[in-house]
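Here the structure comes first, spelled out in structure tokens, and everything after it is commentary.
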Amino acid sequence: MIPYEILKELLIQGVRFSYVSYDHKKAVAEIKAIKETGINPYPPSVIDLTHFLSVPQTYWMIPDEVKNNNIVWRAGRVWQIFFNKDRRICRVKVGNRYAKGFQVEDFGVTVKPMLFKSDDKYDLIGQGLAIEENLK
């Protein structure tokens, strides 16, 4: 986890972040394949095929186990910062096209700042708490 004061500094600087998400198209394709073949590799408590038969595809709630099979790291910017009553950061929304909310404890674990090696004065890249930014 990134210390609070360093996280605050990174948010003020406006760095980009890399965060854990999932590939929705691949997850839907996986569920479609389970529906078509009838072969369910998950326990019935995870994927109830009768639920997916009666609900239109646009309203499917993708189970967490399927999301975990289709994990991708995405890059994005901070959209919103939420504060608690003590004026401390409690939640941050990060993303590009769609924002995803993260708690302060997630930074350094499932959300990592993207820094240039020359700007990494706290050695966050060396500690595995940040990702090295590349020019493209």
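List of remarks:
- Enumeration of residues in region 34-72 that are exposed (fewer than 11 other Cβ atoms within 10 Å of the Cβ), assigned to a helix (DSSP H, G or I) and at pLDDT 80 or above: GLU36, THR37, ASP64
- Annotation note: of LYS93, LYS121, the sole residue that is part of a strand (DSSP E or B) and either closer than 22 Å to GLU9 by Cβ or at pLDDT 95 or above (or both) is LYS93.
- Considering only residues in region 8-26 that are over 14 Å from TYR122 (Cβ atoms) and without any contact (Cβ under 8 Å) to a residue 12 or more places away in the chain, the one that is nearest to the chain's Cα centre (by Cα) turns out to be LYS25.
- Criterion applied to ALA29, ALA75 was being among the hydrophobic types (A, V, I, L, M, F, W, C), open to solvent by 40 Å² or more (accessible area, probe 1.4 Å) and either in contact with a strand residue (DSSP E or B) (Cβ under 6 Å, 6 or more places away or on another chain) or without any contact (Cβ under 8 Å) to a residue 12 or more places away in the chain (or both), and the one residue passing it is ALA29.
- Failed item in (1) open to solvent by less than 40 Å² (accessible area, probe 1.4 Å); (2) out of contact with any Pro (no Cβ under 6 Å at 6 or more places or on another chain), with GLN103 passing the rest: (1)
- Boolean, LYS85 is in a loop (DSSP other than H, G, I, E, B), at negative phi and not acidic (Asp, Glu): yes
- Taking the criterion of being modelled with pLDDT under 95 and charged (D, E, K, R), the only residue of region 101-118 that qualifies is LYS117.
The values are calculated or read from the model by the stated rules, or taken from the named source; none is laboratory data. Not measured: the values here are computed from a predicted model. We place every Cβ from the backbone using ideal geometry, glycine too, and count neighbours over all the protein chains shown. In case anyone asks, the SASA skips ligands and DNA or RNA and just uses the protein heavy atoms, side chains included. Shrake-Rupley method; radii C 1.70, N 1.55, O 1.52, S 1.80 Å.
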